[in-house]
């Protein structure tokens, strides 16, 4: 009877471990794919900021205020990415567990927000520069 109980506990532990490992792998792949989508755009944000501010130099006060708001959005998107990336690396290095899965779920959600913020800031800068 005890042997059956031990075997059941071991099988349960292994199945939970495999479930976390599989989920962690899936989430890690999705989150790193998200990183790979955002990173090239993020690397362009400083260039957009410089162009927006240079164009604003020749414009009226209203346009300068708009350029400043766009510049802040570009900086914020870039900074959010810089803060997010080390957290992603830390989560990827965790042992497969519920903690890793939870961290990756949160990072994926944060990454989705950063992606949207980055694309929105880029689009505003492009519109301003037209």
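The values are calculated or read from the model by the stated rules, or taken from the named source; none is laboratory data. Quick caveat, the model's predicted, so the values are computed rather than measured. When we count neighbours, we look across all protein chains shown, and the Cβ atoms used for this are built from the backbone with ideal geometry, even at glycine.
Going by the structure shown, is residue 39 outside any helix (DSSP H, G or I) and either within 12 Å of the chain's Cα centre (by Cα) or free of Cβ contacts under 8 Å to residues at least 12 places away in the same chain (or both)? Don't jump to the end; show me each part of the working.
Numbers: outside any helix (DSSP H, G or I): no; either within 12 Å of the chain's Cα centre (by Cα) or free of Cβ contacts under 8 Å to residues at least 12 places away in the same chain (or both): yes.
No; evaluated as a whole, the condition is false for this residue.
For the list (1) surrounded by 10 or more Cβ atoms within 10 Å (Cβ to Cβ); (2) at pLDDT 95 or above, I need the number of the one condition that residue 18 fails. Answer for residue 18: the failing condition is (2).
Is there a residue being surrounded by 13 or more Cβ atoms within 10 Å (Cβ to Cβ), touching a helix residue (DSSP H, G or I) at 6+ places or on another chain (Cβ under 6 Å) and either modelled with pLDDT of 90 or more or part of a helix (DSSP H, G or I) (or both) anywhere in region 93-100? Within region 93-100 (the criterion being surrounded by 13 or more Cβ atoms within 10 Å (Cβ to Cβ), touching a helix residue (DSSP H, G or I) at 6+ places or on another chain (Cβ under 6 Å) and either modelled with pLDDT of 90 or more or part of a helix (DSSP H, G or I) (or both)), the answer is yes, since at least one residue qualifies.
Is it the case that residue 103 is part of a helix (DSSP H, G or I) and under 14 Å from residue 48 (Cα atoms)? Show your work before the answer.
On the way: part of a helix (DSSP H, G or I): yes; under 14 Å from residue 48 (Cα atoms): no.
No, not satisfied.
Scanning region 48-75 for residues that are exposed (fewer than 15 other Cβ atoms within 10 Å of the Cβ) and closer than 19 Å to residue 85 by Cβ returns a single hit, 75. All told, residue 33 meets the bar of being without any contact (Cβ under 8 Å) to a residue 60 or more places away in the chain and in a helix (DSSP H, G or I).
Report yes if some residue within region 76-87 is under 20 Å from the mean Cα position of the chain (by Cα) and farther than 29 Å from residue 26 by Cβ; otherwise report no.
First, pick out the residues of region 76-87 that are under 20 Å from the mean Cα position of the chain (by Cα): 76-87.
So of that shortlist, the ones also farther than 29 Å from residue 26 by Cβ come out as 76.
Yes: one or more hits.
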